[in-house]
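The values are calculated or read from the model by the stated rules, or taken from the named source; none is laboratory data. These figures come from a predicted structure and were not determined experimentally. Using ideal geometry, Cβ is built from the backbone for each residue, glycine included, and neighbour counts are taken over all protein chains shown.
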Amino acid sequence: MGRMAEILLARVREPARPERLVVVKRMHRQLAADREYVKMFVDEARIAMTLRHPNVVEVYESGEDDGQFYIAMEYLHGHDLRGVLSEMARRQIPMRLANALAITRAVCRGLDYTHERTDASGELLGIVHRDVSPHNVILTYGGRVKLVDFGIAKTSIQGSRTRTGILKGKVAYMSPEQAMGEALDRRSDVFCIGILLWEMTTGHWLYRRKSELETLKAVVEHDAPLPSTVTPSYPRELEDIVMKTLARKRDDRWATAGELGEALTAFAKQRRLDLRPSAISVLMATTFVEEVAAWQAAKAEGLTLGDHLASEGNDEPPSVPVLSDQDSSNPFSSEDLPTTVVWPQQAAPTQPPHWWQWRPPQWERLQRRLQRRWLIAGVVVALGAALWLASELFHHDATPAVGDTPAVQPSSPPAPTDQPPPMPTPGPGGETRTPAESRPAPTSPHGGS
């Protein structure tokens with residue numbers, strides 16, 4: 001229930017077509033007499049019914065029933081970004097950089113589409129959302145990201161005009177020119193996207209203070225601090241993108257939301273980050289485990305989404321935004337805090353090689369080939385050494401050992417010779433001696449004979 005309208009969930013049953021769920025935003029009956037509120041409500045319907053984009057909520061019809069104005073739009077089964085961040089903080093689930101970039105890029109695409117909308121003559125409608133905040137970004141369990149609530153959007157076709165000095169939107173997510181009540185263009189929405197991106201990638205509030213007055217003063221007077229002052233590991237390339245988005249002067253910002261989205265896509269491609277919807281679907285399933293499990297169980301039983309929501313007693317499903325000019329809940333709840341951020345691990349920067357460290361372009365491939373060849377050569381050498389050792393062992397076994405030498409057979413007597421035997425010689429005393437006996441006796445070293 002909002003200040004301008006109440007939100008209802010309805011079923012649409014048509015012959016030969018599956019049941020469809022729609023959200024009905026119905027203006028409070030007591031406000032129908034206020035022409036200003038009626039004009040704002042009609043303007044929202046007029047703007048929203050011209051938009052057909054995957055990242056913008058689809059409006060089916062609008063009209064009046066029994067004095068009450070209504071708008072019928074698609075039902076989004078999920079939660080708004082504010083609720084997602086709050087639940088992640090409660091469960092201590094970190095926000096991954098890829099998810100933050102995927103959500104921001106989807107918002108950029110949806111806003112770029114609305115900014116570029118033209119009338120039948122080709123003139124720009126000049127749509128400015130003016131309320132790009134976590135409350136108006138819906139994440140579905142299927143991984144879709146949708147921008148909702150064009151209730152205070154500014155366009156050239158609207159019948160009501162905002163009076164000078166009247167602020168519309170959430171103060172913590174305003175551009176400086178919006179906070180000062182100046183004329184707005186699409187670059188105001190670009191600034192608001194920057195606030196979302198800064199908060200999701202740092203895990204801290206940017207401009208939110210204890211009171212709306214302090215918050216408004218911070219938006220008007222203070223430049224956004226560098227994200228690296230909060231998160232030292234913040235990538236420099238992403239920081240440049242964020243700070244250009246949050247430039248205080250409009251001419252210094254990205255000219256369009258499309259340009260910002262392209263810059264984020266290029267950064268994600270460089271870092272190889274997955275920005276597909278499946279990653280957001282995993283995030284939702286991790287954050288809202290019980291709700292996803294209950295819905296899976298209901299589908300297994302053959303229940304439709306409408307029956308499941310009715311059985312759960314969801315009179316106001318969490319994915320249905322309170323489409324009002326101000327949020328009725330406490331905007332400074334301590335539980336509604338941005339979650340922490342997990343950065344992908346990056347390799348440490350390497351210094352360029354010196355001239356003596358230069359390697360040819362095909363060095364890695366050449367190095368692998370040389371390694372294979374050295375391996376083959378090593379195997380060949382090892383086999384050769386093994387064969388040589390085996391042959392040496394075989395030769396050693398074939399040679400007889402010393403102890404195994406056969407005994408020497410007795411030789412035959414020497415053959416007779418024709419030489420006569422040696423003649424005896426006379427000794428000193430006249431006795432006869434043979435040559436062997438004629439040798440002098442050895443002298444003892446101690447003397448005597």
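Tabulated data for the structure shown
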read-out: Residues that are of a type in the set (Ser, Thr, Tyr) and either part of a strand (DSSP E or B) or without any contact (Cβ under 8 Å) to a residue 40 or more places away in the chain (or both), drawn from the range 64-98; value: 70
read-out: Filter result for residue 61 (closer than 28 Å to residue 126 by Cα and assigned to a strand (DSSP E or B)); value: yes
read-out: Selection count, the range 247-274, where residues are assigned to a helix (DSSP H, G or I), touching a residue at least 60 places away in the same chain (Cβ under 8 Å) and closer than 21 Å to residue 53 by Cα; value: 6
read-out: Which listed residue is farther than 24 Å from residue 95 by Cβ and in contact (Cβ under 8 Å) with a residue 24 or more places away in the chain, from 278, 188; value: 188
read-out: Hey, residue 33 assigned to a loop (DSSP other than H, G, I, E, B), out of contact with any Phe, Trp or Tyr (no Cβ under 9 Å at 6 or more places or on another chain) and either of a type in the set (Gly, Ala, Ser) or without any contact (Cβ under 8 Å) to a residue 40 or more places away in the chain (or both) or not; value: yes
read-out: Hey, residue 81 buried (at least 16 other Cβ atoms within 10 Å of the Cβ), at pLDDT 80 or above and touching a helix residue (DSSP H, G or I) at 6+ places or on another chain (Cβ under 8 Å) or not; value: yes
read-out: Set 35, 91: member being surrounded by fewer than 20 Cβ atoms within 10 Å (Cβ to Cβ) and at pLDDT 85 or above; value: 91
read-out: Meets criteria (in contact (Cβ under 8 Å) with a residue 60 or more places away in the chain, in a helix (DSSP H, G or I) and either touching a Cys at 6+ places or on another chain (Cβ under 8 Å) or polar (S, T, N, Q) (or both)) for residue 283; value: no
read-out: Tally of residues being part of a strand (DSSP E or B) and either among the aromatic types (Phe, Trp, Tyr) or under 14 Å from residue 56 (Cα atoms) (or both) across the range 107-138; value: 3
read-out: Members of the range 233-273 found to be exposed (fewer than 14 other Cβ atoms within 10 Å of the Cβ) and either of a type in the set (D, E, K, R) or over 20 Å from residue 98 (Cβ atoms) (or both), listed by number; value: 236, 237, 240, 249, 251, 252, 255, 269, 272
read-out: From 366, 337, 305, residue being modelled with pLDDT of 50 or more and closer than 30 Å to residue 109 by Cα; value: 305
read-out: Flag for residue 101 being touching a helix residue (DSSP H, G or I) at 6+ places or on another chain (Cβ under 8 Å), over 30 Å from residue 289 (Cα atoms) and assigned to a helix (DSSP H, G or I); value: no
